[in-house]
Structure formats: structure tokens, C-alpha cells
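S.K.: This is the structure, below, for whatever I ask next.
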Amino acid sequence: MFGRSLILAAALGAYAIAAQAQSDLARAEVSFVFDGVSLTISPNSAEAPAYAARFAAVPASCDPDCIGPKRVADSIETVTEPEVLDFLINGVAQSQGLLVDARMPAGRSMGYIPGSVSLPYETMGENNAFRDDILKALGARSFEDVFNFADAQPLVVFDNGPSQNAAGQLIAHLLKAGYPPEKLRYYRGGMQVWSVVGLTVQE
């Protein structure tokens, strides 16, 4: 199992530092500061075809289905690329939310959405001794082993794309732990669709 420091780093990754965020969502272009680094996401990335082929080559997990459902749970909203870009500008860049990559480290090493943080779905399993620490890092407060999620961060969760279910499993773990469904959203397109539409990928 992952060590304490790695888990907390994965949960926090880094919060966005107060930033001058700019966006042109109609053109799918956003610029913001995350973890002290200026980031820009734009379409027509020259590397996009190579990334699209890379993510498409990942075998389907078929866990439980080979093509992921449109919705991972009745109470969880599914979002698309413009909504992810808007969340990066108006949530992440303002320290009011986290874009969460649910893949395991090997998957994330293939490339990820700029401004996202890594929280591998296995780290939120109920048998992980550090699960409560992760929930606290996400903003939940605990008193006598009872969690209050009033200040928990809104999360948008993604994985490799429709052929994978890491995001669905992470969301299921979070819901089981008591995370409010209204603070969770699911980006079904993941890295597969993100790269196919030519948006910036970071390594």
C-alpha cells in the first residue's frame, strides 16, 4: 500500500495558488497558475495525435463493463470538456476544487490534464489505513470518527476514458466514505477524448 506521504501528496497534489486566470472557453483556451506554475491549455496541440494513439492503446479494463456507462451513479453529474475547462478556471485556479486523476501511477505517467492531481482509486479503498487522512486532506473534518464534509473540496474525477473504470471506482469509494454526491462530478471522456479533441496533455 502507498505510504503516508505519497498518499497525502496524491490527495493534495498541490492546491492552485491565487492566480490571474484567463479563459476563452469558446476557443477551448485557458491559462491559469497551479502550484506556482503558469499553465495553458489550448486545442490543436501538435502532440495530440501521438497522445491519442497512446491512450487508445490502453486495453479496456472490462471492470465490470468494457465501455463505461454515461453516468457512474444516479446522483453524479457527468461533464464534458468545456465544463472541465471551466472548472479549472473557476474552481481549481481559485482553490475551490480539485481535478482528480483516478488512474494508478503507471497510467498517469503516460500523460495527464494540466492542473490535475493524482488520487489513485485504490488509495480510497476502505482497507487503506490512510483513507481518513486523505479525506481530511480533501477538506473533510473529523470528530470522534464522524466526518463532516461541509468544507470538503468539490472534485471532478477522470481516468483514461470510456474504456476504463478507475474514476467510477474512486467515486464509489468516496461515496461509501460519505463524500457528498453534490461535490462530485465525473469526466467520462478522460484522456482518450481529451487527446482526440487536441487539448494539451502534460507529462
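Coordinate-derived values only; no laboratory data. What you see is a predicted model; the values in this text were computed from it and never measured. Glycine also receives a Cβ, built like all others from the backbone with ideal geometry; neighbour counts cover every protein chain displayed.
S.K.: Hey, fewest Cβ within 10 Å first, where do 143, 32, 158 land in order? Write out the running numbers ahead of the final one.
M.R.: Numbers: 143 7, 32 25, 158 28.
Listing 143, 32, 158 from fewest to most nearby Cβ atoms yields 143, 32, 158.
S.K.: Let me ask you something else. Could you give the length gained on full extension between residue 94 and residue 142, defined as 0.36 nm per residue of separation minus the Cα-Cα distance, in nm? Intermediate values should be presented prior to the final figure.
M.R.: Values: separation 48, 0.36 × 48 = 17.28 nm, distance 2.47 nm.
So the chain would gain 14.8 nm between residue 94 and residue 142.
S.K.: For 108, 71, 103, which order do you get if you count the other beta carbons within 10 Å of each Cβ and list the fewest first? Show your work: numbers first, answer last.
M.R.: Values: 108 20, 71 13, 103 24.
So the residues, fewest neighbours to most, are 71, 108, 103.
S.K.: On a C-alpha basis, how far is the centre of region 47-81 from the centre of region 143-203 in Å? Whole number, if you could?
M.R.: Here the answer is 12 Å between Cα centres.
S.K.: Now for a separate question. For the peptides 90-96, 39-45, what is the packing order when you average, over each peptide's residues, the other Cβ atoms within 10 Å and list the highest mean first? Could you put the intermediate results ahead of the total?
M.R.: On the way: 90-96: 18.1, 39-45: 15.7.
Result, highest mean first: 90-96, 39-45.
S.K.: Just to be sure I understand: with springs between alpha-carbon atoms less than 10 Å apart, which residue in 47, 81, 122 has the highest mean-square fluctuation in the Gaussian network model of the chain?
M.R.: For the chain, modelled as a Gaussian network with Cα springs under 10 Å, the answer is 47.
S.K.: Treating cross-link reach as a plain straight distance, find the lysines whose alpha-carbon is under 19 Å from the alpha-carbon of residue 70, omitting any fewer than eight places away in the same chain.
M.R.: 183
S.K.: Let me ask you something else. So how do 76, 113, 67 line up by other beta-carbon neighbours within 10 Å, fewest first? Please report the intermediate quantities before stating the final value.
M.R.: Numbers: 76 20, 113 24, 67 12.
The most exposed by this proxy come first: 67, 76, 113.
S.K.: Please find, in a Gaussian network model of the chain (springs between Cα atoms separated by less than 10 Å), the residue of 182, 77, 144 whose mean-square fluctuation is greatest.
M.R.: Comparing 182, 77, 144 in the GNM, the peak value goes to 144.
S.K.: With an 8 Å cut-off on Cα pairs and a minimum separation of 6 or more residues, tell me the relative contact order of the chain in percent.
M.R.: 30 percent
S.K.: Could you identify which residue out of 107, 168, 97 has the top mean-square fluctuation in a GNM of the chain using Cα springs shorter than 10 Å?
M.R.: Answer for the Gaussian network model of the chain: 107.
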